[in-house]
Amino acid sequence: MDNLPRFTAAAVQAAPVYLDPAATVEKAIALIAEAAAGGAELVVFPEVFVPGYPYWNWTMNPVQGSPWFERLQRASVDIPGPYVDQLRAAARQYGVVLVIGVNERAAHSLGVLYNTLLTIGPDGALIGVHRKLVPTWAEKLTWTGGDGSSLKVHRTPVGPLGALACGENTNTLARFALLAQGELVHASCYIALPVAPADYDMADAIAVRTAAHSFEGKVFSVVACSTISPEIVDAIAGDDEDVRRMLARPRSALSGIFGPDGRPVTEPLIDAEGIVYAEIDLAKCIQPKQMHDIVGHYNRFDVFQLHVDNRPRTPVTFATDPAHITTPFSPLSTETTGTTKEDA
């Protein structure tokens, strides 16, 4: 505690190469290299950056969107798998802690996709696989919800790090569960959302949510949001001018870094692609916590208690597990979250 980390964080605001995982991972690696060259030791990418967000859920009916689900399923990421290996290698090469969102393909069912955040250490270890607990609104047509096993804070060289995807950052209990594990750095991963109701300002919504978590927990938050490229507009809207106008709506993305007082450490980036850098000094979390420490003295644990079921959930449990039975992947599996001398 005498030497709390002080480091540069980078929030990446960019569009994927839509539904092309190989090209998107290649773009992500180039952005990791750029962020590292800018001095970043923590690099945070948007939600489901690889290979993109299912905007068709908002612009098409379920029957029209079904072929798009198949396209996304075929383009999604296996964990473990080659795309994750490339991202691990990049984190190791550039010596950064990396948080990046992917569409994860389930091992046990072709109909199951997860909205997943990967946390990778600077040694290339895959230390976190968090599946979004509750897909938001129309997202339920695409993603299956995760379980509590991945609601964890990871001890990293940049400090105790937690991560949530988009609407999870409005889930008070999920956020509290991370804070109560000692979180001091929070990664908030979003997508540009111009498809919300007309009076909904996504940039403001992201800023309010990020400021709230930073202020309530007295932590630093790094928020990264995707953008919508002309390629995405062409793919989703086609000749529909109403959808094209909707997808072009301004103030649909905001990325930046917020301090424990709830204010931006530097000017956030709105809509445009780019990288936001800021210095984080975790020692600045100490004095604010003296006033309001909601996981410490500023709470009544004799009155309020939070119970989290952190057991991994699988579709079937066998009394015995013969070698020929494939066990569904668990975010806590040592086969994927651990490293050996050979792959470190």
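How large is ³J(HN,Hα), in whole Hz, for each residue of region 28-36 in order, when computed from phi with the Karplus curve 6.51 cos²θ - 1.76 cosθ + 1.60 and θ = phi - 60°, using x for Gly and Pro?
4, 5, 5, 6, 4, 4, 5, 5, 5
Per residue, how much accessible area does region 21-128 show when a 1.4 Å probe rolls over the protein heavy atoms, in square angstrom?
Dividing the accessible area of region 21-128 by its residue count gives 34 Å².
Please give the length that would be gained between residue 248 and residue 311 if that part of the chain were fully extended, namely 0.36 nm times their separation in residues minus their C-alpha to C-alpha distance (nm, one decimal).
In short, 18.5 nm is gained.
Can you work out ³J(HN,Hα) from phi for every residue in region 206-219, in order, using Karplus 6.51 cos²θ - 1.76 cosθ + 1.60 and θ = phi - 60°, giving whole Hz and x for Gly and Pro?
So the J values, rounded to whole Hz, are 5, 4, 5, 4, 5, 4, 4, 5, 4, 5, 5, x, 6, 10.
Please list 3J(HN,Hα) in residue order for region 255-261, calculated via the Karplus relation 6.51 cos²θ - 1.76 cosθ + 1.60 where θ = phi - 60°; whole Hz, with x for glycine and proline.
10, x, 9, 10, x, x, 8
Quickly rank 303-313, 239-249, 150-160, 216-226 as a protection proxy: mean count of other C-beta atoms within 10 Å, highest first.
On the way: 303-313: 10.5, 239-249: 14.3, 150-160: 20.4, 216-226: 27.6.
Ranking the peptides 303-313, 239-249, 150-160, 216-226 by packing returns 216-226, 150-160, 239-249, 303-313.
Could you please state, rounded to a whole Å, how far the C-alpha centre of region 280-307 is from the C-alpha centre of region 1-76?
Their Cα centres are 32 Å away from one another.
Could you check how much of the accessible area of the chain is carbon and sulfur, as a whole percent, using a 1.4 Å probe?
With neighbouring chains kept in place, the figure for the chain is 54 percent.
Just to be sure I understand: with springs between alpha-carbon atoms less than 10 Å apart, which residue in 238, 274, 146 has the highest mean-square fluctuation in the Gaussian network model of the chain?
Answer for the Gaussian network model of the chain: 238.
FRET efficiency for residue 304 and residue 239, Cβ-Cβ distance as r, R0 = 41 Å, nearest 0.05?
0.15
Per DSSP helix of 4 or more residues, -39500 (n - 2.57); summed, then divided by the residues of the chain. What does that give at 222 nm, rounded to the nearest 500?
-8000 deg cm²/dmol
Can you list the residues, at least 5 places off or on another chain, whose amide H is less than 5 Å from the amide H of residue 124, using H built in the peptide plane?
Answer set, sorted by chain and number: 92.
Students often get this wrong: which residues of region 217-231 have the backbone nitrogen under 20 Å from the point 7 angstrom along Cα-to-C-beta of residue 279?
219-223
What whole-number value in Å² describes the accessible area per residue of region 190-242 for a 1.4 Å probe?
So region 190-242 comes to 36 Å² accessible per residue, rounded to a whole number.
The values are calculated or read from the model by the stated rules, or taken from the named source; none is laboratory data. It should be emphasised that the depicted structure is a prediction, and the values quoted were computed from it without experimental measurement. Quick reminder, even Gly has a Cβ in these numbers, built from the backbone with ideal geometry, and neighbours come from all protein chains shown. Accessible surface is based on the protein model in full, side chains and every heavy atom, while ligands, DNA and RNA are left aside. Shrake-Rupley method; radii C 1.70, N 1.55, O 1.52, S 1.80 Å.
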